[in-house]
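The values are calculated or read from the model by the stated rules, or taken from the named source; none is laboratory data. Keep in mind the model is a prediction, meaning the values are calculated, not measured. A quick note on method: Cβ atoms are made from the backbone with ideal geometry, for glycine too, and the neighbour counts reach across all protein chains shown. These accessible areas exclude ligands, DNA and RNA; they are computed on the full protein's heavy atoms, side chains included. Shrake-Rupley method; radii C 1.70, N 1.55, O 1.52, S 1.80 Å.
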Amino acid sequence: MSSAPTTSTARPVGFAAARERLLPLFAEIQAGAVERELEHRLPREEVRQLAAAGFGALRVPTEFGGSGLTFPEFTELLIELAAADSNLPQIFRGHIALVEDQLVAAPSDRRTAWLERFVAGEIVGNAWSEVGSGALGVSGTVVTERDGGFVVNGRKFYTTGSIYADWTDATARLVVEGRPDTEVTVLVRTDQPGVSIADDWDGFGQQLTGTGTIVFEDAVIDADQVHAFSDRFRYQTALYQHVLIAVHAGIAAAVEREAGEQIRARTRVYSHGLAPLVKDDGQIQAVVGEISSIAFVAKQTVLGVAAAIERASVTAADRDSADDLHANIEAEIRSAQAQVVLSELVPRSATLLFNTLGASAVSRTNALDRHWRNARTVASHNPVIYKTRIVGDWSINGTPPPFVWAVGTAKPDAPAAP
């Protein structure tokens with residue numbers, strides 16, 4: 001297999017070139033965001049446009065045809081995309097994780113093949129979570145051998161992005177006769193008869209992320225797409241949370257942008273206001289000052305987490321060393337600290353938006369409520385109350401955070417989750 005992909009059109013590389021290429025597309029995505037929200041139209045075309053423009057290969061090294069961005073540079077663009085439409089970065093969340101997993105993997109034909117797929121515009125979704133009464137930490141989705149290969153059977157929910165994707169990254173239990181069961185990750189093609197995906201996510205926010213159900217019925221998996229879960233890159237939990245806080249930063253930026261647009265356009269004022277135009281009213285300016293400050297703090301906080309993740313990506317080459325452990329602890333703690341703060345600040349910003357406008361702001365036509373709904377929904381992922389305890393224990397006692405955790409039904413004789 002070749003060490004670099006064959007592409008039809010070579011793209012300029014680096015942050016400035018990537019930003020110049022993507023910003024016009026982000027503007028188009030932003031222009032249609034309200035209409036998609038009101039119509040519940042899944043952004044299938046927008047996802048494919050982003051993939052074609054190289055968004056899914058921004059972190060891929062230049063020698064493979066990617067843009068070769070650092071993680072902080074990539075985060076800058078992730079926040080700008082979230083400001084255009086907060087659904088889009090979350091759609092790419094599973095893809096972003098698999099890119100990172102391959103970046104830190106040892107050189108191999110499989111790694112090269114995946115980096116080439118990312119550059120070619122192939123997209124990966126996520127399928128880790130299960131609902132119902134499954135045991136804590138034990139996957140109900142099962143991989144078994146058949147005809148010299150493997151098949152997977154099971155049902156997943158919260159499968160963000162998979163409805164748009166070429167592949168889904170799923171967790172499962174490998175069951176092979178005569179061997180202990182093993183928790184694995186499997187990469188499954190979504191365009192085969194054994195995979196069905198439903199847009200049945202009914203959350204009040206982030207409604208277009210495709211966070212619904214996947215059913216696997218004897219879906220075929222190539223042998224080289226089955227790997228032990230324990231082999232995954234170590235800073236994955238921090239990275240998954242990082243995408244969500246980047247979404248928060250984008251929402252905060254969108255709130256500031258739309259506050260300015262709405263206020264500058266207003267000609268009607270209240271008799272007990274402070275100026276003949278709303279944009280000149282000191283009370284209104286003070287509220288927007290708080291909105292703007294939240295947007296600034298959110299972005300800088302997320303970029304700080306991105307720097308910690310970058311350090312973890314560098315030390316990954318020396319896995320389990322003291323430096324690697326320190327970098328992974330820092331990435332996990334910083335992402336949790338950011339989550340704790342932004343889960344309060346960004347929904348507040350989305351509420352403050354309505355303090356700057358009149359009753360017309362609650363019109364469904366403007367869909368300004370989407371910012372609060374989206375921010376509150378993002379804040380509900382990976383419940384923040386557990387993160388505050390983890391950060392506090394680390395701050396007081398130096399206790400390392402859990403790098404992997406699970407959701408399920410606790411059995412009476414089962415050990416507590418880490």
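The Kirkwood radius of region 128-180, taken over pairs of alpha-carbon atoms, gives through the Stokes-Einstein law at 25 °C and 0.890 mPa s a diffusion coefficient of 197 µm² s⁻¹. Computed over all pairs of different Cα atoms, the Kirkwood value for the hydrodynamic radius of region 198-337 is 19.2 Å. Counting only protein heavy atoms and a probe of 1.4 Å, the accessible surface of region 70-160 is 49% carbon and sulfur. Working value for the chain: equivalent-ellipsoid semi-axes of 38, 24, 22 Å, each the square root of 5 times a Cα gyration tensor eigenvalue, largest first. Hydrodynamic estimate: the Kirkwood radius of region 82-128 over Cα pairs, inserted into Stokes-Einstein at 20 °C and 1.002 mPa s, corresponds to D of 185 µm²/s.
Within region 8-58, the percentage of alpha carbon pairs spaced more than 19 angstrom apart rounds to 32%.
With the simple spin-label model, which puts each label point 7 Å out from Cα in the Cβ direction, the D222 to D320 separation comes to 2.9 nm.
The angle between the Cα long axis of helix 369-379 and the main principal axis of the chain comes to about 40°, on a 0 to 90 degree scale. Compared with the alpha-carbon gap, the fully stretched path from D199 to E261 is longer by 19.0 nm at 0.36 nm per residue. Please work out the FRET efficiency for the pair T409 and H40, using the Cβ-Cβ distance as r and a Förster radius of 35 Å; give the result to the nearest 0.05. Result of the calculation: an efficiency of 0.60. Kirkwood analysis of the Cα pair distances in region 187-267 returns a hydrodynamic radius of 16.9 Å.
Against the compact-protein benchmark of 2.2 N^0.38 Å, the Cα-based radius of gyration of region 270-418 scales to 1.42. Per Stokes-Einstein, at 20 °C and 1.002 mPa s, what whole-number D in µm² s⁻¹ belongs to region 16-166, with the Kirkwood radius over Cα pairs as the hydrodynamic radius? Taking Rh from Cα pairs, D becomes 126 µm²/s. Of all the options A165, A275, A53, the one that moves most in a Gaussian network model of the chain with Cα springs shorter than 10 angstrom is A275.
Per-residue Karplus couplings for region 95-101, computed as 6.51 cos²θ - 1.76 cosθ + 1.60 with θ equal to phi - 60°, are listed in order as 4, 4, 5, 5, 4, 5, 4 Hz, Gly and Pro entered as x. Seen from Y386, the other residues with C-beta closer than 15 Å to its C-beta sum to a net charge of 0, counting Lys and Arg as +1 and Asp and Glu as -1. Whole-Hz Karplus values for region 61-71 come out as x, 5, 5, 9, x, x, 8, x, 6, 6, 5 Hz, taken residue by residue from phi with 6.51 cos²θ - 1.76 cosθ + 1.60 and θ = phi - 60°; glycine and proline positions read x. A simple spin-label model places the labels of R364 and T388 3.5 nm from each other, with each point 7 Å out along Cα-to-Cβ. A 1.4 Å probe run over the protein chains yields, for the chain, 44 Å² of accessible area per residue, whole-number rounding. Let me know the whole percent of all Cα-Cα pairs from region 341-410 that are separated by more than 13 Å. More than 13 Å apart: 73 percent of the Cα pairs in region 341-410. Per-residue ellipticity at 222 nm computed for the chain from its helices equals -16000 deg cm²/dmol, with DSSP H segments shorter than 4 residues left out and the rest contributing -39,500 (n - 2.57). Here region 22-101 is described by how far its Cα atoms reach on the three principal axes: 41, 22, 20 Å, from widest to narrowest. Computed over protein heavy atoms with a 1.4 angstrom probe, the accessible surface ordering of H242, H381, H227, H326, largest first, is H326, H227, H381, H242.
The C-alpha radius of gyration of region 162-222, expressed as a fraction of 2.2 N^0.38 Å, stands at 1.32. Note on region 278-407: with neighbouring protein chains present and a 1.4 Å probe, carbon and sulfur make up 59 percent of its accessible heavy-atom surface.
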